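> Take this structure first; my questions come after.
The values are calculated or read from the model by the stated rules, or taken from the named source; none is laboratory data. No experiment lies behind these values; they were computed from the predicted model shown. Every residue, glycine as well, gets a Cβ built from its backbone with ideal geometry; the counts of neighbours run over all protein chains shown. Accessible surface areas use protein heavy atoms only, side chains included; no ligands, DNA or RNA. Shrake-Rupley method; radii C 1.70, N 1.55, O 1.52, S 1.80 Å.
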Amino acid sequence: MGMRMSFFLLVCLNLIFYAVVAVGPPTCPAEGSGCDADEWEGEFFPEIPKIKYEGPKSKNHLAFKYYNAEEVILGRKMKDWFRFSVAFWHTFRGTGGDPFGAPTKFWPWEDGTNSLAMAKRRMRANFEFIDKLGVEFWCFHDRDIAPDGKTLEETNKNLDEVVALAKELQGSKIHPLWGTAQLFHHPRYMHGGATSPEVGVYAFAAAQVKKAMEVTHYLGGENYVFWGGREGYQTLLNTDMGRELDHMARFLEAAANYKKKIGFKGTLLIEPKPQEPTKHQYDWDAATTTNFLRKYGLIDEFKLNIECNHATLSGHSCHHDLETARINGLLGNIDANSGDPQTGWDTDEFMTDIAEATMVMLSVVKNGGLAPGGFNFDAKLRRESTDVEDLFIAHVSGMDTMARGLRSAAKLIEDGSLGELVKKRYQSFDSEIGAMIEAGKADFEYLEKKAIEWGEPKVPSGKQELAAMIFQSAL
């Protein structure tokens, strides 16, 4: 879920800025006559046409050059390989604010409030955006789409009202790729939700997740995500790590049970991240999270949502965490983004690296696709990008990048040279003794006898440069 954590830390500052500083007055005034949700007339994006595929030679920045939704590659339509999703929080709640500066984005439909009317207006803008982009999925946090109330009951009522509108607007073709609960912004979650040392917070977090799961189910969501931005610690001096991990496991166990109780057929996903905002987050990376699930008997209840920028923050490549999840049968969804190698935090940039996209798609193809998961654009505009059309340009670029990755992966698979190189590297294990080792039937005494019989082994070249050459030739 990336820098949505950082965004929510700035929400209060941003609202104050809108209300008090008033740099560049919004098109829709917060008070008096103006544009309540039901009074907005016309389109939110009147100058943006529906995005269409025009091919690689097109110079139109509001057209796809490589993503052709209906084109069949490796036996499947491109749209079905990707199942692209728009992230509500970055697209409609991102302001461009950061710890060093005030918001830079003033979308014409915003009125400077976090009111229920404003929430409904954003939701209408969201579905117009999705329609014009030509995708079928969206993702949300509960508190992104509806404001907090004074009590949990009032908050849930607000959420229900916005969700009812979303249900109406999405129709039969569009629905959430996943939903989730925001358990990191409110001060009550400063020590975490499922890992808070305060039992009242634990209970409140459970109630919030319960409601978020219900509305995700109601909207036809295909997955539900747990991102533990504050499920970790700042120092071990005041932390009982074992107890917190036990509590987190019991929390997730209760969620899995509630999923079954309400008849939700979607996949429960955990999204690993090493740190930020905590110094250490318990679901550090794919391997750590896999081990956690195995230890607590939850391995059959959850899969992983791998975010590329989180993987690099943990010291891995995105490809590494995808392969770790895949070989453990846990690859369920991808948050498609990337980070800046010159910075040490979660920058949530749209992926534009064709080589990285190709490696991502090699894992996805080996996985047989991601459904019921997909690719969520957990990515945001740069602070300096402030035009409404930039929202579309960024998504078009991201979708084209992933499409180029799929096309390159298909070339590699159809050519077969890279696969043959890998197969040849392990060919000695295709022998009788290799089969015995892989079946667990070769003990140390037997292997010692073979070592003496064979003498010093001949170690072949790894052909790493040839592998890189083959890979690059497909891009």
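> Which value at 222 nm does the chain reach when only helices count, each DSSP H run of 4 or more adding -39,500 (n - 2.57), with the total divided by all residues and rounded to the nearest 500 deg cm²/dmol?
-13500 deg cm²/dmol
> Extension gain Asp340-Ser172, at 0.36 nm per residue separation less the Cα-Cα distance, in nm?
56.7 nm
> Could you bin all the Cα-Cα distances of the stretch 274-330 into 10 Å bins starting at 0 and give me the percent of pairs in each, rounded to whole numbers?
So the P(r) values, bin by bin, are 25, 55, 20.
> Counting only Cα, what are the radius of gyration and maximum Cα-Cα distance Dmax of the stretch 99-165, in Å?
Reported Rg and Dmax, both Å: 13.5, 38.
> Another question about this same structure. Run the dipole for the stretch 159-272 about the Cα centre, Lys and Arg Cβ at +1, Asp and Glu Cβ at -1, nothing else charged, and hand back the magnitude in debye, nearest 20.
Details: 12 positive and 12 negative charges, 62 e Å.
The dipole magnitude comes to about 300 debye.
> In addition: Count the lysine pairs in the stretch 355-463 that are 8 or more places apart or on different chains: how many have C-alpha atoms under 21 angstrom apart?
Lysine pairs meeting the criterion: 14.
> Return the lysines within reach of Lys210: Cα separation strictly under 26 angstrom, same-chain partners fewer than 8 residues apart disregarded; answer none if there are no such residues.
Partners within reach: Lys120, Lys150, Lys157, Lys167, Lys173, Lys259, Lys260, Lys261, Lys265, Lys273, Lys295, Lys303.
> For Cα pairs less than 8 Å apart in space and 6+ apart in sequence, what is the mean separation divided by the residue count of the chain, i.e. the relative contact order in percent? All intermediate terms of the calculation are to be shown ahead of the outcome.
Numbers: 773 pairs, mean separation 73.7, N = 475.
So the answer I get is 16 percent.
> Enter the mean projected area of the convex hull around the alpha-carbon atoms of the stretch 223-289, in nm², rounded to one decimal.
Numbers: hull surface 18.7 nm².
Seen from a random direction, the Cα hull of the stretch 223-289 projects 4.7 nm² on average.
> Averaged per residue, what accessible surface does the chain expose to a 1.4 Å probe, in Å²?
Per-residue value: 47 Å².
> A further question follows. Once the piece of chain linking Lys77 and Ala442 is laid out straight, how much longer is it, given 0.36 nm per residue of separation minus the C-alpha distance between them?
Value of the extension gain: 126.9 nm.
> If you place +1 on the Cβ of every Lys and Arg, -1 on the Cβ of every Asp and Glu, and leave all else neutral, what size is the dipole of the chain about its Cα centre, to the nearest 20 Debye?
Here the size comes out at about 720 debye.
> Turning to a different aspect of this structure: Leaving out ligands, DNA and RNA, and with a 1.4 Å probe, what % of the accessible surface on the chain is carbon or sulfur?
54 percent
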